[in-house]
Amino acid sequence: WGETHDAIALGASRSSLGDIVERRAAQLGMYMAPDPAPETGALTATQAAIDANLKAAVKDLHNEATVDINRRYYRDFSTARAPRMEPFDDTNGNGRCDNGESFADYNKNGSRDLDSGIAGQGSAKDVTVLSVTMSYPRMFATTELIGFSPTVTLNAKTVLANQPYAEQNAAIVGNCPP
């Protein structure tokens, strides 16, 4: 990728960290370019920029490739690593969410879910799992003769932690069915 000589601190103009980032960049001999879309609050511009760069890099590897990018966010790293059900208060001790017991409805959909993650990038302090699937046609058709699919599909995941610029959005309280 090479050495970096400039950077963009998305959202810095709306943050108390803007001056600190600029001073540190100057110490490193870097130029701080202005935020290209300060009115967006950075999130939409950041996602679009990450997605566009990723897709362009994949197209450099194989120009017929298709790329699917998905984000799902969680409250912490342990839940992002091993998604689990939304927690509940087991007041009757039977190990089941029932009889109107309360649960933390993180995605605010009114039901207790097997995976407490929510589609999207999230907000302050959330942990986002970025999943990328790349598919492309095999270079040699003869591979089908030995049982391979005509398409190669690769999957990759990474975890991104959102900055702690505010408190996390609170879950609402749901109630288990009777």
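The values are calculated or read from the model by the stated rules, or taken from the named source; none is laboratory data. None of these values were measured; they are calculated from a predicted model. Positions of Cβ are backbone-derived with ideal geometry, glycine not excepted, and every protein chain shown enters the neighbour counts. The protein model used for the area step is the full one, side chains on, heavy atoms only, and it has no ligands, DNA or RNA in it. Shrake-Rupley method; radii C 1.70, N 1.55, O 1.52, S 1.80 Å.
Would you point out the residue of region 94-109, among those that are in a loop (DSSP other than H, G, I, E, B) and acidic (D, E), that is surrounded by the fewest Cβ atoms within 10 Å (Cβ to Cβ)?
Initial filter on region 94-109 (in a loop (DSSP other than H, G, I, E, B)): 94-101, 106-109.
Those still in the list that are acidic (D, E) too: 98, 101.
Details: D98: 14, E101: 18.
In this case the residue turns out to be D98.
So in region 160-178, with the set limited to residues that are assigned to a loop (DSSP other than H, G, I, E, B) and open to solvent by less than 60 Å² (accessible area, probe 1.4 Å), which one is modelled with the highest pLDDT? Talk me through it step by step, then tell me what you get.
Going through region 160-178, the residues assigned to a loop (DSSP other than H, G, I, E, B) turn out to be 162-171, 176-178.
From what's left, open to solvent by less than 60 Å² (accessible area, probe 1.4 Å): 162, 166, 168, 171, 176.
Numbers: N162: 81, A166: 69, Q168: 77, A171: 78, C176: 86.
So, considering only residues that are assigned to a loop (DSSP other than H, G, I, E, B) and open to solvent by less than 60 Å² (accessible area, probe 1.4 Å), the one modelled with the highest pLDDT is C176.
Among R138, R71, R75, R112, which is the only one that is exposed (fewer than 15 other Cβ atoms within 10 Å of the Cβ) and not hydrophobic (A, V, I, L, M, F, W, C)? Show your work before the answer.
Working: R71 fails: exposed (fewer than 15 other Cβ atoms within 10 Å of the Cβ); R75 fails: exposed (fewer than 15 other Cβ atoms within 10 Å of the Cβ); R112 fails: exposed (fewer than 15 other Cβ atoms within 10 Å of the Cβ).
It is R138.
Go through region 41-53 and report how many residues are at pLDDT below 75 and exposed (fewer than 15 other Cβ atoms within 10 Å of the Cβ).
So in region 41-53, the residues at pLDDT below 75 come out as 41-46.
When the remaining residues are screened for being exposed (fewer than 15 other Cβ atoms within 10 Å of the Cβ), the result is 41, 44.
Total satisfying the criteria: 2.
Which numbered condition trips up Q121, out of (1) farther than 23 Å from K55 by Cα; (2) touching a Ser or Thr at 6+ places or on another chain (Cβ under 8 Å); (3) open to solvent by less than 60 Å² (accessible area, probe 1.4 Å); (4) part of a loop (DSSP other than H, G, I, E, B)?
(1)
Being among the charged types (D, E, K, R), under 29 Å from T46 (Cα atoms), within 12 Å of the chain's Cα centre (by Cα) and open to solvent by 50 Å² or more (accessible area, probe 1.4 Å) is the requirement here; does K157 meet it?
On the way: among the charged types (D, E, K, R): yes; under 29 Å from T46 (Cα atoms): yes; within 12 Å of the chain's Cα centre (by Cα): yes; open to solvent by 50 Å² or more (accessible area, probe 1.4 Å): yes.
So K157 fits the description; yes.
Pairs under 7 Å by beta carbon, first residue in contact (Cβ under 8 Å) with a residue 60 or more places away in the chain in region 54-66, partner open to solvent by 80 Å² or more (accessible area, probe 1.4 Å), six or more apart or different chains?
A65/K59
Pull up region 141-153, narrow it to residues that are over 23 Å from D60 (Cα atoms) and in a loop (DSSP other than H, G, I, E, B), then point me to the one that is least open to solvent (accessible area, probe 1.4 Å).
G147
Working carefully through the options T128, T133, T91, find the one that is among the polar types (S, T, N, Q), open to solvent by less than 30 Å² (accessible area, probe 1.4 Å) and either outside any loop (DSSP other than H, G, I, E, B) or under 24 Å from C176 (Cα atoms) (or both). Before you say what the answer is, go through the steps one by one.
Numbers: T133 fails: open to solvent by less than 30 Å² (accessible area, probe 1.4 Å); T91 fails: open to solvent by less than 30 Å² (accessible area, probe 1.4 Å).
Answer to the selection: T128.
Select from region 99-131 the residues that are of a type in the set (D, E) and at pLDDT 90 or above and list them in ascending order.
Step one: of region 99-131, the residues of a type in the set (D, E) are 101, 105, 113, 115, 126.
Of everything in region 99-131, just one residue is of a type in the set (D, E) and at pLDDT 90 or above, namely E101.
How many of the residues in region 18-37 are open to solvent by 90 Å² or more (accessible area, probe 1.4 Å) and modelled with pLDDT under 70?
The qualifying residues number 1.
Tally the residues that are part of a loop (DSSP other than H, G, I, E, B) and open to solvent by 80 Å² or more (accessible area, probe 1.4 Å), restricting the search to region 78-88. First the steps, then the outcome.
Keep residues of region 78-88 that are part of a loop (DSSP other than H, G, I, E, B), which gives 82-87.
Narrowing the set further to residues that are open to solvent by 80 Å² or more (accessible area, probe 1.4 Å) leaves 84.
Looking only at that region, the number is 1.
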